[in-house]
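What follows is a short report on a single structure.
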Amino acid sequence: MIQVENLTYRYPKGDDHAQTYVLDGIDIKIQPGEFVAVVGHNGSGKSTLAKHFNGILLPAGGKVYIDSLDTADRALLFEIRRRVGMVFQNPDNQIVATIVEEDVAFAPENLGVAPEEIRRRVDWALKAVGMYDKRMHAPHLLSGGQKQRVAIAGVLAMTPAYIVLDEPTAMLDPVGRREVLDTVLKLNRQEHMTVILITHFMEEAALADRVLVMQDGRICMQGTPKEVFVQARALKSMGLDVPQTIELMYALKAAGLNVALDTVTAEECAEEIMKLI
Amino acid sequence: MLKDITLGQYYPGNSPVHRMDPRLKILLTVLYATLLFFIKGFLGYGVVFIFTVGVIGLAGIPVPYVVRGLRPLFFVIVFTAAINIFMTPGRTAFRLFDTPIAATHEGIYMAVYMVLRLSFLVVGTSVLTLTSSPVALTDGLERLLGPFKKIGVPAHEIAMMMSIAIRFIPTLMEETQKIIKAQKARGADFESGNIFRRAKALTPILVPLFMGAFRRADELALAMESRCYNGGENRTRLKQMHMTLSDCLSAAIAALVLAAAVTVGYMGIL
């Protein structure tokens, strides 16, 4: 379980943000197996929060516990980083090696895992993200979505309990975005991996079990996608979008039709419209 | 243009030369490059020629492909030859357009040697890079330098830097192309003017390229730390290196042939 208790953070003095808190009193509990999406507009602190989960940043105030291990404890740093895999936005800037399988092997090599065990983990991780066929390829010849899946495999090879993805689809085309999301969903549903997805695409957040909405370093809304997105007006006032399905329902309601407003998936949306006909 | 350079590229294959332990290959290449400068007489170079062509043939690489690697060095080779022909003191062979600049017999000999040495050096060393993947090369280097860690040689760090550099060459090339296009779209002119003007025109390419590279380096460092990178201490490797008996045998044969090339020169034959 990940526990964040009254977390505050501000960038070191001398920086532009010297006075303002980037994170301002955050409390979260994330249960094993959960799929949590964190949304918020630029500068809401969501990436800063993500960097606290594996000790890249340390709290200025409050605590972050990973399975009751304190991230502020230097001695536990590598164990925490092994348990919390982190995938970043730009796939090019997180691939280290010139061959896919060598890159996936990077983390277990760092951890001093025995060669046969590394082989096993690399094969498993590449199969889990559907990149096993490309294991001997050079990363720069892969598409954006494929590179990002390799990056996910590189993290999986540490056998983490949690995966934090910091806007993993922001630089991808729609096809790549789909590939990465399907991979993340599969890991959550089939491998029971706990997933924390930082994103600004509401369609992605709609797939999660729970959505956290951040603004000005605080969590200002949370709940199931249904519970959150039904408050479309509040979200819009924060400069956030709502999924198109919800958008459509609001438009229909405004046109005087009696429809439910919490249709997150396209199927629910279709059913609701069918009721009208 | 940059794509034509065969020097330092990898030519995938599965020949005995490709499969040879990279550590031995690196050592043999060093031996080859050193001995080239001890060879006297054309017979010695004849032996080296047969050896080099033999290895290239065994590796299954077309000889013209390897020789193309000499192209970027054409100017250097011609320049070296010219300097040697005209600057070596000795018996005058001919004068250049009746000027005091004279070519000497000794100079011509010297020039031929230098051209042979340089060409074999480039061709021979490119066989190493053509037949070993970058990963194998950096791994081999790391392990060869391993014993020197005790006297402070950062073997792991050197290998890591090399492999990251190799990894980012295509990425940065792509970025350079993008920047060039972007600057051209803003009206930048890279093709006209003298050499100084053109050099100056590169500034709007280099500045964003360097900024981008630093930003990438930052993010990469973060990603590496997130994957528990902590330097070379206690690191294991996915691929283990095995030196087989046939590796040792072929290395011994190669060393013998090279030694023979040096010896025939000293025996005064030709």
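The residue among B:Asn84, B:Val47, B:Thr171 whose Cα reaches farthest toward the positive pole of the charge dipole of the protein assembly as shown, with charges on the beta-carbon of Lys, Arg, Asp and Glu, is B:Asn84. Per residue, the convex hull around the alpha carbon atoms of region A:94-141 comes to 72 Å³.
Between B:Ile164 and B:Ala217, residue separation times 0.36 nm minus the direct Cα-Cα distance comes to 18.1 nm.
Computed with the Debye formula from one identical point scatterer per Cα of region B:68-119, without solvent, the log10 of I(q)/I(0) at q = 0.15, 0.18, 0.24, 0.28 Å⁻¹ comes to -0.41, -0.56, -0.82, -0.98. Carbon-plus-sulfur accessible fraction, the protein assembly as shown (probe radius 1.4 Å, protein heavy atoms only): 63%. In a solvent-free Debye calculation with one equal scatterer on each Cα, what is log10 I(q)/I(0) for region B:63-181 at q = 0.09, 0.11, 0.14, 0.22 Å⁻¹, listed in the order of the q values? Summing over Cα pairs of region B:63-181 leads to -0.49, -0.66, -0.84, -1.14. Mean-square fluctuations from a GNM of chain B, with a 10 angstrom spring cutoff on Cα atoms, peak among B:Ser133, B:Ser163, B:Ser246 at B:Ser246. The mean number of partner chain beta-carbon atoms within 10 angstrom of a residue's beta-carbon across peptide A:110-117 is 5. Computed about the Cα centre, the dipole magnitude for chain B is approximately 300 debye when only Lys and Arg (+1) and Asp and Glu (-1) carry charge, each at its Cβ. The 3J(HN,Hα) values that the Karplus relation (6.51, -1.76, 1.60; θ = phi - 60°) gives for region B:145-154 are, in residue order, 7, x, x, 7, 4, 4, 9, x, 7, x Hz. Gly and Pro appear as x.
Springs between Cα atoms under 10 Å define the GNM used for chain B, and in it the highest mean-square fluctuation of B:Val17, B:Val123, B:Val76 occurs at B:Val76. Charge dipole (Cα centre; +1 on Lys/Arg Cβ, -1 on Asp/Glu Cβ; no other charges) of the protein assembly as shown amounts to roughly 1840 debye.
Projecting the Cα positions of A:Ala37, A:Ile246, A:Thr8 onto the charge dipole of chain A (unit charges on Cβ atoms of Lys, Arg, Asp and Glu, taken about the Cα centre) puts A:Thr8 furthest along the positive direction. Think of a 1.4 Å ball rolled over the protein heavy atoms: the protein assembly as shown then has 51 Å² of accessible area per residue. Taking max minus min of the alpha-carbon positions on each principal axis, chain A gives extents of 65, 47, 32 Å, largest first. A simple packing score, the average count of other Cβ atoms within 10 Å per residue, orders the peptides A:254-262, B:22-30 as B:22-30, A:254-262, with the highest score first.
Using the Karplus relation 6.51 cos²θ - 1.76 cosθ + 1.60 with θ = phi - 60°, the per-residue 3J(HN,Hα) values for region A:56-67 come to 5, 10, 10, x, 7, x, x, 9, 10, 10, 10, 6 Hz, with x marking Gly and Pro.
By the gyration tensor of its Cα atoms, with a ≥ b ≥ c the square roots of the eigenvalues, what is the shape of region B:163-270: rounded for a/c under 1.5, prolate for a/b over b/c, or oblate? Here region B:163-270 falls in the oblate category.
The rule of thumb for compact globular proteins, 2.2 N^0.38 Å, goes into the C-alpha radius of gyration of the protein assembly as shown 1.27 times. Just want the answer: with Cβ charges of +1 for Lys and Arg and -1 for Asp and Glu, which residue in A:Pro115, A:His137, B:Phe190 is farthest toward the dipole's positive end in the protein assembly as shown? With unit charges placed on the Cβ atoms, the residue in question is B:Phe190. Within 10 Å of the Cβ of each residue in A:99-108, the mean number of Cβ atoms contributed by other protein chains is 4.
Enclosing the Cα atoms of region A:27-116 in their convex hull gives a volume equal to 146 cubic angstrom per residue. Taken residue by residue and averaged, Cβ atoms of other chains lying within 10 Å of the Cβ of A:201-212 number 0. For region A:154-200 and region A:72-117, what is the separation of their Cα centres, given in Å? So the separation of the two Cα centres works out to 15 Å. Think of each Lys and Arg Cβ as +1 and each Asp and Glu Cβ as -1; about the Cα centre, that makes the dipole of region A:142-230 roughly 160 debye. For region A:94-247, dividing the convex hull volume of the Cα atoms by the residue count gives 124 Å³ per residue. When the inverse distances between all different Cα atoms of chain B are averaged and flipped, the Kirkwood radius reads 22.3 angstrom.
In this structure B:Thr263 has an accessible area near 70 Å², from a 1.4 Å probe over the protein heavy atoms.
The values are calculated or read from the model by the stated rules, or taken from the named source; none is laboratory data. If you're wondering where the values come from, they're calculated on a predicted model, not measured in any experiment. Glycine gets a Cβ as well: all are built from the backbone with ideal geometry, and neighbour counts include every protein chain shown. What goes into the accessible areas is simple: the full protein's heavy atoms, side chains included, and nothing from ligands, DNA or RNA. Shrake-Rupley method; radii C 1.70, N 1.55, O 1.52, S 1.80 Å.
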